[in-house]
Amino acid sequence: VLGAVTRRALEIQAATDGAFDPALGAELAALGYDRSFEHLGRRSRLAERARAPSTPTRALVDGDHIHLEGPGSLDLGGIAKGFAVDRVVDHLVDAGATSVLVDGGGDIRGCGPSFPIGVGDGLVVWSHLGAVATSSTRKRRWFDPGDHPAHHLIDPVTRRPSDGPLDTATVIAPDAATADALATALIVATEAVLARLPDFGAHALVRGRDGHWWATARAPFTAPLTPIFDASCEESP
């Protein structure tokens, strides 16, 4: 399974020109994100930590074996939850289920009858349109060892928390792993990834740091409605 999810992560990394990068684990650890978030959320200086490696890490997959070139580490947090949701849906369908809705803490995918899923400020998407996932910098924020504001969505170019124009991105895609990874990539490389969404059969609803929401052309979001699930809670534990 680890080989399969890493292979999919590398495929999306290549398809997004590196905007989604699964090999930023050392950068997150250097910011303090390897601690319990209940401690990170407090404004207190963390203990000094080793610097993130200056050389980018490259992951290679050979069957079920994963090789890392460079001094860093893998972090599959931007895809593993969606990947797990897909596996659960596939397992249930293979077992004969005809009505399925799996919520992995904000990464949601259904099969069968359509259900309304809330995606932010009353907007709703229907589950038959695809899997839904959200990434955001609004909730999980803390202070790094230098007492600077930080969040967990790392820009692969600067190797620091993203400072782009968005603070939230919701993606609808054919599967939850793809939606999960693209939502992360949209935060760190907005324009480049928006241009690639049609290649994945995906749509997006994004929130700028000014608080305004924007949707891609013909995105299947509807007027306010009471949802039965909330896909805007990607940052929940």
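In the context of the full protein assembly, Asp75 retains an accessible surface of approximately 60 Å², using a probe radius of 1.4 Å and ignoring ligands and nucleic acids. For Ile66, the amide hydrogen comes within under 5 Å of no other amide hydrogen, counting only partners 5 or more places away or on other chains and with H modelled in the peptide plane. Under 5 Å from the amide H of Leu24 lie the amide H atoms of Asp75, each residue being 5 or more positions distant or on a separate chain, with H modelled from the backbone and absent for Pro and chain starts. Stretched out straight at 0.36 nm per residue, the stretch from His128 to Asp64 would grow longer than its current Cα-Cα span by 19.8 nm.
The values are calculated or read from the model by the stated rules, or taken from the named source; none is laboratory data. Here the structure is a predicted model, which means the values were calculated and not measured. Only protein heavy atoms, including side chains, enter the accessible area calculation; ligands, DNA and RNA are left aside. Shrake-Rupley method; radii C 1.70, N 1.55, O 1.52, S 1.80 Å.
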